[in-house]
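The values are calculated or read from the model by the stated rules, or taken from the named source; none is laboratory data. Please read all numbers here as calculations on a predicted model, not as lab measurements. In this analysis, Cβ positions are derived from the backbone assuming ideal geometry, glycine residues included, and neighbour counts consider all displayed protein chains.
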Amino acid sequence: MTATTDGTGAVAPRAAEAGQSTTAPPPSPAATEPPKIREAAERAAARSAEHLLSRQDEQGWWKGDLETNVTMDAEDLLLRQFLGIRDERTTAAAARWIRSQQRPDGTWATFYGGPPELSTTIEAYTALRLAGDPPDAPHMAAASAWVREQGGIAASRVFTRIWLALFGWWRWTDLPELPPEIMYLPKWFPLNIYDFGCWARQTIVPLTIVSAARPVRPAPFSLDELHTDPRRPLPARRTGSSGGWQGLFQRLDKALHAYRRIAVGPLRRSAVDAAARWIIERQENDGCWGGIQPPAVYSVIALHLLGYDLGHPVLRAGLESLDRFAIWSEDEEGAPVRMIEACQSPVWDTCLAAIALVDAGVRPDHPALVKAADWMLDEQILRSGDWAVRRPELPPGGWAFEFHNDNYPDIDDTAEVVLALKRVAHPDPERVETAVQRAARWTLGMQSKNGAWGAFDADNTSAFPNRLPFCDFGEVVDPPSADVTAHVVEMLAVLGKQHDPRTRRGIEYLLAEQEESGAWFGRWGVNYVYGTGSVVPALVAAGLPVTHPAIRRAVTWLTGVQNADGGWGEDLRSYRDPEWIGRGASTASQTAWALLALLAAGERDGEAVERGVAWLTETQREDGSWDEPHFTGTGFPWDFSINYHLYRQVFPLTALGRYLHGEPPSPERRED
């Protein structure tokens, strides 16, 4: 028996001794293991567990900051300017954050160390103008000069130009048309709102109201310096028409602009009313929409345009929810700094934290873990949401990512919550089992036709939404992915369903998705390191032997991309440039993902694992945490990147725990 401390000094047995799986534990560490590495790993795991336990909220959840880019902060200030509620303290604090993220060349990027990005730079510059930064200040002049070199405002994305149109800095007539009549398209018709991913759907519906109203509030200043030629801000129109799908959708947009001239009367008013009802019906109990910031911003604007005053309960709750996305801190001089989160991740962070702690040897009945399980159980969603449009007969049972998001539970969180709950020795096992069975039934019912799973919807794979001129920023559909499917397969294996035909279809999908290199693409984490780190443990848990060719190819790829310092890293540029695949500065989370795959593949005593564990122990901070400025999560690959501040904690702890104690209990492996 391997005994460990629980972070408070108490000796803790492994999960199997606390009423968990009775599967035989993995073999003890080899006698030839370098003792210094093991001792360092034990110290690092103990410090990490203690640090993580200290960060738990008294209600039972964990949540790290969710950092994205300064467009969140800029758009928050623009919203407040539009509504007439911008105040000096908020503006100054937001401006300090925005300035702190400016690159030396005057631009802004969308992720740490990334290249400059035009739309982000335009929005950040505009926000600083609101804060009073003069256009001839060196940092502002550098930004505007770069914007002009890149084609000016005319070359920015549609969403940026929508924000500018709200103040007359861009013409509504020169934006793609988005009519509210889209609400009346039947669910089987192309481009109906349920053809879009849930995040896009929640944004598009309120924007149909904004597009119909075309509001313009007086601009507090000119942005002529962001045009290549202020007298002619629009580039010359192309003559002729494009062929193919692009030409078709350009002609569709032209037709919609023509329709607008006659779109008056009962049909337009009815469509706007339908969109407003749709928005209000989906407001969460805490006032937000879908638990994410962008739909909340556009929903507030849309309802305000329809006459809802700021004191109306719907808008008041919406604005209060937006305030909860703000993270306040202080700069080196003690001045307040305000960063806006795009969303918050307590369910995701809590289940990952629970998995990490148990795998690292914390007692499964530790009070912190029981409290976390109670909180997660209370968060299970027991009513239908938009996912039921495609699965109307399926009973609910999933979990969402955020504090409040009952309309959009997601499959990834649900799988990981189940994996966490199955690790905890809860005093009411029947309650846990009931929740787990509900979740398994819902997850299986959300399987797509190809045997895999997307994040929020089943079979959300239409090819049309991404082709719209309006949709020039990020993914707007939610197709199945290898990483989500892997987490579901792992969950089903832990529940003893590894031989279920639906699980086998998921396994077949994963095997078919493996790249020639041996890696798997990562949709929700960066990138092939994340995909591979998700898939290999799932396949092994589901019964594939570690000698299977797919597993061996993955091992070969991972060992081949290990950095010279012993860690792993992959830059977000790998989504655009194959030269970056598997390449990047070593990070704690990505090193952990690679280790999780290698450990599952039976490489525990291999040199690559020893070097990776050594890197984690050597880079750990005194308080038990790791430093990780790099963005290793994604909202949309490349277009919208995320730095989950808890990733640097939970994944290294999980990897160290599995290195020290072996893989978590799993069903007997298949022989085939």
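Key figures for this structure:
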| read-out | value |
| --- | --- |
| Residue 534, sole failed condition from (1) of a type in the set (S, T, N, Q); (2) in contact (Cβ under 8 Å) with a residue 40 or more places away in the chain; (3) farther than 16 Å from residue 415 by Cα | (3) |
| Among the candidates 370, 314, 300, residue that is over 24 Å from residue 642 (Cα atoms), among the β-branched types (Val, Ile, Thr) and not assigned by TED's automatic domain parsing to the domain that holds residue 97 | 370 |
| Test for residue 333: is it within 26 Å of residue 648 (Cβ to Cβ) and without any contact (Cβ under 8 Å) to a residue 40 or more places away in the chain | no |
| Filter pass, residue 119 being in a helix (DSSP H, G or I), over 28 Å from the mean Cα position of the chain (by Cα), more than 23 Å from residue 333 (Cβ to Cβ) and hydroxyl-bearing (Ser, Thr, Tyr) | no |
| Residue list for the stretch 132-169, restricted to those being part of a helix (DSSP H, G or I) and polar (S, T, N, Q) | 144, 160 |
| Residue that is nearest to residue 549 (Cα to Cα), among those in the stretch 568-586 that are of a type in the set (A, V, I, L, M, F, W, C) and surrounded by 23 or more Cβ atoms within 10 Å (Cβ to Cβ) | 568 |
| Matching residues in the stretch 622-658 - criterion: being among the aromatic types (Phe, Trp, Tyr) and on the phi < 0 side of the Ramachandran plot | 626, 631, 636, 640, 644, 647, 651 |
| Hits in the stretch 387-413 (condition: buried (at least 19 other Cβ atoms within 10 Å of the Cβ) and without any contact (Cβ under 8 Å) to a residue 60 or more places away in the chain) | 396, 397, 398, 399, 409, 410 |
| In the stretch 528-543, the residues that are among the aliphatic types (A, V, I, L, M) and part of a helix (DSSP H, G or I) | 529, 535, 536, 538, 539, 540, 541 |
| The stretch 449-485: number of residues that are outside any loop (DSSP other than H, G, I, E, B) and closer than 20 Å to residue 400 by Cβ | 5 |
| So residue 542, is it surrounded by fewer than 20 Cβ atoms within 10 Å (Cβ to Cβ), over 18 Å from the mean Cα position of the chain (by Cα) and of a type in the set (Gly, Ala, Ser) | no |
| Residues (surrounded by 22 or more Cβ atoms within 10 Å (Cβ to Cβ) and either assigned to a loop (DSSP other than H, G, I, E, B) or among the aromatic types (Phe, Trp, Tyr) (or both)) located in the stretch 587-603 | 587, 593, 601 |
| Residue satisfying condition, being under 23 Å from the mean Cα position of the chain (by Cα), hydroxyl-bearing (Ser, Thr, Tyr) and either within 30 Å of residue 371 (Cβ to Cβ) or not assigned by TED's automatic domain parsing to the domain that holds residue 352 (or both), within set 485, 443 | 443 |
| Options 600, 608, 585, 594; residue that is out of contact with any helix residue (DSSP H, G or I) (no Cβ under 7 Å at 6 or more places or on another chain) and of a type in the set (A, V, I, L, M, F, W, C) | 585 |
| The lone exception for residue 113 - which of (1) in contact with a His (Cβ under 9 Å, 6 or more places away or on another chain); (2) of a type in the set (Gly, Ala, Ser); (3) free of Cβ contacts under 8 Å to residues at least 24 places away in the same chain it fails | (3) |
| Lone qualifier among 432, 476, 436 - being of a type outside the set (Asp, Glu), in contact with a helix residue (DSSP H, G or I) (Cβ under 9 Å, 6 or more places away or on another chain), surrounded by 17 or more Cβ atoms within 10 Å (Cβ to Cβ) and outside the structural domain of residue 393 (by TED's automatic domain parsing) | 476 |
| Residues that are within 23 Å of residue 263 (Cα to Cα) and among the β-branched types (Val, Ile, Thr), drawn from the stretch 136-185 | 158, 162, 173, 182 |
| Top-ranked residue of the stretch 59-87 - restricted to ones that are of a type in the set (S, T, N, Q) and either touching a Cys at 6+ places or on another chain (Cβ under 8 Å) or in a loop (DSSP other than H, G, I, E, B) (or both), ranked as surrounded by the most Cβ atoms within 10 Å (Cβ to Cβ) | 69 |
| Of all residues making up the stretch 158-180, the number that are buried (at least 19 other Cβ atoms within 10 Å of the Cβ) and of a type in the set (D, E, K, R) | 2 |
| Pair list, Cβ under 7 Å, 6 or more apart: the stretch 511-527 residue under 13 Å from residue 574 (Cα atoms), other residue among the basic types (Lys, Arg) and modelled with pLDDT under 95 | none |
| Any hit, the stretch 88-109, residues being without any contact (Cβ under 8 Å) to a residue 60 or more places away in the chain, hydroxyl-bearing (Ser, Thr, Tyr) and buried (at least 16 other Cβ atoms within 10 Å of the Cβ) | yes |
| Any chance residue 590 is closer than 24 Å to residue 559 by Cα and touching an Asp or Glu at 6+ places or on another chain (Cβ under 9 Å) | yes |
| For residue 112: the one exception among (1) among the hydroxyl-bearing types (Ser, Thr, Tyr); (2) outside any loop (DSSP other than H, G, I, E, B); (3) surrounded by fewer than 19 Cβ atoms within 10 Å (Cβ to Cβ) | (2) |
